[in-house]
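Here is the structure we will look at.
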Amino acid sequence: MRIALFVTCVNDTLFPDTGRAVVRLLERLGHEVVFPENQTCCGQMHYNTGYRRPAARLAVRFARTFDGADAVVVPSASCAAMVRDNYPRLGAAGSRLSRKMADLGPRVYDLTEFLVDVLGVTDVGAYFPHRVVYHPTCHGLRLLGLGERPYQLLRAVRGLELLELPGAAECCGFGGTFSVKNGDVSAAMGFDKARHVAETGAEVLCAVDNSCLMHIGGTLSRQRSGVRVTHIAEILASTEKEYAHA
Amino acid sequence: MSATFLGLPPFPEAARSAVGDSRTRHNLHKATHTIRGKRDAVVGELGDDWRRLRAEGERIKTHTLRHLDHHLERLEESVHRAGGTVHWAADAAEANEIVTELVRRTGETEVVKVKSMATQEIELNGALEAAGITAYETDLAELIVQLGEDLPSHILVPAIHLARSQIREIFLDRMSEWGVPAPPGLTDDPHALAEAARVHLRELFLRAKVAVSGANFAVADSGTLVVLESEGNGRMCLTLPETLISVVGIEKVVPTWSDLEVFMQLLPRSSTGERMNPYTSTWSGVTPGDGPRDFHLVLLDNGRTDVLADTVGRQALRCIRCSACLNICPVYERTGGHAYGSVYPGPIGAILTPQLRGMSSEVDRALPYASSLCGACYDVCPVAIDIPEVLVHLRERVAEGPGHLGEKAVMAGAEAVFGSAGALDAVQRAAGLVGGDLPRHLPGQAGKWTDTRDVPDVPAESFRQWWKQRGKGQR
């Protein structure tokens, strides 16, 4: 299958390793990955902060960039949810945007959804010999309803010990511009999330969204907890061969 | 003195001090997690039935609000037929005037009150006080708040921010000023506290000639008002006095008696986490020889028809005041209710208050941002109010207004960068040159980030640069 990667602006700029991991993983599974270079940002920050018109213009840009793709894979549950749940609200009924999104929306997937639902794999042949906890980010959990999918993928990773995260379903407090507009509450939520993570004794915290991980990871780092954070794609892309080379 | 929310700072500032209050944080964490657990159990046991009840609750409320004028007129006729009197109040001042005048006419100078959000909303106690009438709150938690000259911090459990040791102190210090004092050796044992409240209130119930209540529901076809409660104190107020005045928001109407079947299941399970609440009182007008001889229904608008005019925001009027969204909200759990500057705190307050009061004040404009948009509130709402959707909608109204110049500049700058892949690439390359040497503390708004969290290193190469290089290598 020819898969269009929407890497997202945050991953593109700050976490290119995640994008590279998605490419490595999908190619290893025998698929062709394309990166439409006109892509930029889904507009979630604008939309969630109340800037509807710029968000709508970015939505049009997205629809144009990915028009005709068989499948669009996004290594960010919240950006995937923005495209699938909120784009239809941005275009007036019957507008070009809403018609295009009615067609394209159902083919936009978070990475874990794509692996489990479309490719039908849970064992992607990964190797990651570490104690890991998974934080189900809010938009992955409640908007996309990822459910068991990320856990199924992680349980199939060789060498990986999956630990249970207390209070897993609770928001980490990132919330985009919430993290600075209400910095004190955001920090208090992040502190509690980081404490729960550290208490599990995990070496690595993973999630389907690097923006949440940037917030929790930044807190874990400030607390000198020793826990590192990584996108689930990087765990799933990791193989025994790469470990032997490292 | 009745306490008031007027003059409190906007949410981010109010939240800062709340977040730093260790005792309140502890009390709130304990209380919200306990109720959450109970709710999960009694909602979970219904399985798919819950989904159907929720859809039906949403349907009834949406339909009723769409034909609100019709149902309100039917309610007025039914109440009138049953021997009650209906008054229409456009705003808080009108409602307060009506109630004050009704009490004055009885010649009484005190009233007992059933827990009521509508009367909190219009600050009725203060208005009565100004007219020389004392209002006694009889709901246990409202009593605690009133005695402590405090403000309610939760819709269902107004004293949720207090621990029992604090309640004991309030009882010992203040009860004597209002009536029967607390027994001298009072402990903070819940049974002892309840008994002190019982003795204190019993005297008021037997003495009072006038009661003021709200209502959870008003049934249009029978003119029946309904109050759900846990303590039985509401039942005392609703049955013992000679005159009963009920102040009810116009959105509380349901068309028929059988509609209650749905809400009587949705509300207790969502609010207290019980299959059924201990006391449900219903009354239709007056019945000779049984209960109040004079009944007045004050139907309150106070901004509600404005809310109804907003096609996205109007879903907030479906709210049945269960508080499930407060109990699940990670923001509410850390700030408590006072930070929201309104009798309606938490997620529902963040969408209801700015709509009811309008968004002319800094406090009301800050409320739609008091959420990380995590969506837990929508999941638990028994009438499926999409709170995140309304929050974003209200943020649009704020962003379209004046001010926020710094933010508008940032958003415009971001759009310019994201408007072209070339511009994004140029910014990424420039950032890559600066590389991983970002200072530990960033200036300006970004400092809000680095106050408590480290920043990631900026990679030397963006993903799109890597992709371009890779393409060249493959060719």
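The values are calculated or read from the model by the stated rules, or taken from the named source; none is laboratory data. Nothing here was measured: the structure is a model prediction, and the numbers come from that model. Glycine also receives a Cβ, built like all others from the backbone with ideal geometry; neighbour counts cover every protein chain displayed. Note: areas computed on protein heavy atoms with side chains; ligands, DNA, RNA excluded. Shrake-Rupley method; radii C 1.70, N 1.55, O 1.52, S 1.80 Å.
Can you pull the three principal axis extents for the Cα set of the range B:9-156, in Å, largest first?
Sorted largest first, the three principal extents are 47, 41, 28 Å.
What whole-number volume per residue, in cubic angstrom, does the convex hull of the C-alpha atoms of the range B:118-185 give?
Numbers: hull volume 6.0 nm³, N = 68.
Enclosed volume per residue, from the Cα hull, is 88 Å³.
In µm²/s, what is D for chain A at 37 °C and 0.692 mPa s, where D = kT/(6 pi eta Rh) by Stokes-Einstein and Rh is the Kirkwood radius from Cα pairs?
179
For the range A:1-69, what does the alpha-carbon gyration tensor say about shape, rounded, prolate or oblate, given a ≥ b ≥ c as the root eigenvalues, a/c under 1.5 as rounded, and a/b over b/c as prolate?
Here the range A:1-69 falls in the oblate category.
Once the principal axes of the Cα atoms of the range A:75-205 are found, what is the range along each, listed largest first in whole angstroms?
Principal axes ranked by extent give 52, 42, 16 Å for the Cα atoms.
Rounded to two decimals, what ratio of Rg to Rh does the range B:85-131 give with C-alpha atoms and a Kirkwood Rh?
Rg/Rh for the range B:85-131 comes to 0.93.
Keeping the other protein chains in place, figure out the carbon and sulfur percent of the accessible area of chain A, with a 1.4 Å probe.
51
Show me, for the range B:388-393, the HN-Hα J-couplings you get by feeding each phi into the Karplus relation (A = 6.51, B = -1.76, C = 1.60, θ = phi - 60°), rounded to Hz, glycine and proline as x.
Karplus-based 3J(HN,Hα) across the range B:388-393 equals x, 4, 5, 4, 5, 4 Hz.
How many partner chain Cβ atoms sit within 10 Å of a residue's Cβ in peptide B:329-335, on average, as a whole number?
6
Let me have the relative contact order for the range B:157-222, percent, based on Cα pairs under 8 Å that are six or more residues apart.
So the answer I get is 24 percent.
Tell me, what % of the accessible area of the range B:1-90 is carbon and sulfur with a 1.4 angstrom probe?
Within the range B:1-90, the accessible surface is 54 percent carbon and sulfur.
Give the cysteines in chain B for which no other Cys Cβ lies under 4.7 Å away, or write none if there are none.
Here B:C237, B:C319, B:C322, B:C329, B:C381 come out as lacking a disulfide-compatible partner, given the Cβ-Cβ threshold of under 4.7 Å.
Normalised by the number of residues in chain B, what is the relative contact order in percent for Cα pairs under 8 Å and 6+ residues apart?
Over chain B, the number comes to 20 percent.
At a probe of 1.4 Å, how much accessible area disappears from chains A and B on forming the pair, both sides counted, to the nearest 100 Å²? Could you put the intermediate results ahead of the total?
Details: alone 11540 and 22330 Å², together 28440 Å².
Protein heavy atoms only, the A-B interface buries about 5400 Å².
How large is the translational diffusion coefficient of the protein assembly as shown in µm² per second when you combine the Kirkwood radius over alpha carbon pairs with Stokes-Einstein at 20 °C and 1.002 mPa s?
Translational D for this selection: 78 µm²/s.
Which shape class applies to chain B: rounded if a/c is under 1.5, otherwise prolate when a/b exceeds b/c and oblate if not, where a ≥ b ≥ c are the square roots of the Cα gyration tensor eigenvalues? Spell out each step's value before the answer.
Numbers: a/c = 2.23, a/b = 1.78, b/c = 1.25.
It is prolate, given that a/c is not under 1.5 and a/b is the larger ratio.
Given B:K252/B:K448; B:K61/B:K115; B:K30/B:K408; B:K252/B:K408; B:K408/B:K468; A:K241/B:K472, which pairs have Cα atoms separated by over 31 Å? List each step's numbers first, then the result.
Numbers: B:K252/B:K448 42 Å; B:K61/B:K115 23 Å; B:K30/B:K408 40 Å; B:K252/B:K408 39 Å; B:K408/B:K468 33 Å; A:K241/B:K472 26 Å.
Among B:K252/B:K448; B:K61/B:K115; B:K30/B:K408; B:K252/B:K408; B:K408/B:K468; A:K241/B:K472, the Cα-Cα distance tops 31 Å for B:K252/B:K448; B:K30/B:K408; B:K252/B:K408; B:K408/B:K468.
Write down the accessible area per residue of the range B:1-78 in Å², having rolled a 1.4 Å probe over the full set of protein chains. Walk me through the intermediate numbers first.
On the way: 4480 Å² over 78 residues.
In whole numbers, the range B:1-78 has 57 Å² accessible per residue.
Calculate one ³J(HN,Hα) per residue across the range B:231-240 by plugging θ = phi - 60° into the Karplus curve 6.51 cos²θ - 1.76 cosθ + 1.60, and present them in order as whole Hz with x for glycine and proline.
So the J values, rounded to whole Hz, are 9, x, 5, x, 4, 4, 5, 7, 10, 7.
For the range B:274-356, place one equal point scatterer on every Cα, skip the solvent, and apply the Debye formula. What is log10 of I(q)/I(0) at q = 0.23, 0.26 Å⁻¹?
-1.07, -1.18
Using C-alpha positions alone, give me the convex hull volume of the range A:1-145 per residue in cubic angstrom.
119
Let me have the relative contact order for chain A, percent, based on Cα pairs under 8 Å that are six or more residues apart.
About 20 percent, as a whole number.
Treat the range B:361-475 as a sphere of radius equal to its Kirkwood radius over Cα pairs and apply Stokes-Einstein at 37 °C in a medium of 0.692 mPa s; give the translational diffusion coefficient in µm²/s, rounded to a whole number.
Roughly 182 µm²/s, to the nearest whole number.
Residue by residue through the range B:287-296, what is 3J(HN,Hα) from phi via Karplus (6.51 cos²θ - 1.76 cosθ + 1.60, θ = phi - 60°)? Round to whole Hz and write x for glycine and proline.
For the range B:287-296, the Karplus-derived couplings read 10, x, x, 9, x, x, 8, 9, 10, 10 Hz, x marking Gly and Pro.
I'm a student and want to see the number: the projected area of the Cα convex hull of the range B:229-277, averaged over all directions, in nm².
Hull-based average projected area comes out at 4.4 nm².
More than 19 angstrom separation, counting every C-alpha pair in the range B:170-251; what % is that? Present the calculation step by step, with values, prior to reporting the outcome.
Values: 1673 of 3321 pairs.
Cα-Cα pairs in the range B:170-251 separated by more than 19 Å: 50 percent.
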